[in-house]
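Worksheet for the structure shown next.
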Amino acid sequence: MKQQRLSAPSGAGPVSSGQRERKMAGKGLSGLVKLILLVYAVLTLYPLYWLFISAFKTNQDFFNRPYGLPLVWMKENIVRAWELGNMGRAMLNSTIVTLISVLLTLALSLLAAYVLARFRFPFKKVVIALFLAGMLIPIHSTLVPLFLMMKEIGLLNTYGALILPYTAFELPIAIFLAMAYMASIPREVEEAAMIDGNGWWGIFGRIIVPLCTPIVATIAILAFLRFWNDFSFALVFINSQSLKTLPLSLSLFSDGFGTDYSLTMGAMAIAVIPTIIVYLIMQEQIMKGMVAGSVKG
C-alpha cells in the first residue's frame with residue numbers, strides 16, 4: 001500500500017509566518033507604548049516627589065543637594081510654615097470659598113445644560129454661543145473692572161468677592177461639558193419617567209442628575225483645582241489677613257530681599273495635599289466623565 005502524505009494546504013506556511021510577525025509586531029508596539037507611558041508617569045510624578053522631599057530640607061541642603069534626599073529630615077519646616085503662614089485660617093478660607101463656588105457652579109451649570117440640551121426655544125443657538133463665548137474672555141483682563149464694580153457695591157474683602165467671579169468664569173466650560181454629556185442620554189429614559197408621573201423637575205432631580213455623576217465629578221474637580229489654586233483674584237479682592245486664602249499665605253515666605261525655600265516648600269506641600277486627596281477619591285468618575293460625553297447612544 002502506498003502511504004498517502006498529508007500535506008498542508010497551499011499558502012498555510014506564509015499565513016502562519018505572517019500571523020507570527022504581526023503578533024511579534026503587536027507585542028513590540030505594546031511594549032513601546034507601555035514604556036512611553038511609564039516615562040510620562042515618572043516625569044509627571046517626579047515634581048510632586050521633589051516637592052515633598054524639598055519640604056524637609058534646610059535652605060543650605062536645598063541648594064547643595066537639590067535632587068537628593070535630605071541629609072537631615074527637618075519636620076520643623078512643616079510646623080513653622082503652618083504657624084508663620086497662619087495656614088489653618090487660610091485653609092479654612094480656601095475651603096469655604098472653594099466649596100461654595102463648586103456647589104454654585106454645579107447647580108447653575110446642570111440646570112442651564114439641561115435646558116439647552118433637552119428643550120427647543122427661540123434663539124437657542126445664540127444663547128449657546130454666548131455661553132461658549134465666555135470661554136474666550138481672558139480672565140485677568142477683567143480684574144480692574146471687577147475691582148471697581150465690587151468697590152461700588154461693597155463686596156471687597158468678603159467671601160463673595162471671590163465666590164461670584166469664580167462661579168461666573170467657570171460656568172461656560174461647565175455648561176459645555178454637562179450639555180455634551182446630557183445629549184448622550186437617551187430620551188426614552190425621560191419618556192419612561194414622564195409615563196410614571198414625573199414632571200420636569202422630577203426627571204431632572206431623579207433621573208438626569210444621577211445619570212450625570214461622572215460629568216459632575218469632572219466639573220467638580222476642574223473647578224476645585226481652579227478655585228483652590230487661584231492667586232490673582234484673591235490678591236486683588238482680598239486685603240484682610242483673616243480672609244486670605246492658601247495661595248496668598250504662600251507668598252508670605254518670599255519678599256523683595258529673598259525667599260525662605262524650606263518654609264515655602266513646606267507650605268506648598270501642605271497646600272497640595274487636599275488636591276491630591278480630592279483627585280484620588282474622584283478619579284474613577286472623572287475618567288468616565290471625560291470620555292462618556294463623546295459617545296452617543
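The values are calculated or read from the model by the stated rules, or taken from the named source; none is laboratory data. None of these values were measured; they are calculated from a predicted model. Every residue, glycine as well, gets a Cβ built from its backbone with ideal geometry; the counts of neighbours run over all protein chains shown. These area figures cover heavy atoms from the full protein model, side chains too; ligands, DNA and RNA do not enter into them. Shrake-Rupley method; radii C 1.70, N 1.55, O 1.52, S 1.80 Å.
Miscellaneous remarks
- Accessible surface, 1.4 Å probe, highest first, among residues 206, 65: 206, 65
- DSSP-assigned coil residues among trypsin sites (Lys or Arg not before Pro) in the stretch 22-95, each with at most 16 further Cβ atoms within 10 Å: 75
- Pairs of lysine residues in the chain - Cα separation under 30 Å, sequence separation of 8 or more or cross-chain: 13
- Structure remark: mean-square fluctuation, Gaussian network model of the chain, C-alpha springs under 10 Å; the largest value among 161, 55, 193 belongs to 193.
- Axial C-alpha extent at least 18 Å, average Kyte-Doolittle at least -0.5 - helices from the chain (DSSP): 12-54, 87-118, 160-182, 213-229, 261-292
- Neighbour net charge for residue 275 - beta-carbon separation under 13 angstrom, K R +1, D E -1: 0
- Under the combined filter of DSSP loop state and at most 16 neighbouring Cβ atoms within 10 Å, the stretch 110-201 retains these trypsin sites (Lys or Arg not before Pro): 120.
- Percent carbon-and-sulfur accessible area, the chain, ignoring ligands, DNA and RNA, probe 1.4 Å: 69 percent
- For the stretch 135-259, the spread of Cα positions along the three principal axes, ordered from largest to smallest, is 69, 34, 29 Å.
- A 1.4 Å probe, protein heavy atoms only, puts the accessible area of residue 279 near 90 Å².
- Accessible surface of residue 225 - all protein chains present, 1.4 Å probe, nearest 10 Å²: 60 Å²
- With a Förster radius of 25 Å applied to the beta-carbon distance between residue 149 and residue 225, the computed FRET efficiency rounds to 0.45.
- With contacts taken as Cα pairs under 8 Å at a separation of at least 6 residues, the chain carries a relative contact order of 29 percent.
- Convex hull (Cα only) mean projected area of the chain, reported in nm² to one decimal: 30.5 nm²
- Å³ per residue enclosed by the Cα convex hull of the stretch 71-120: 93 Å³
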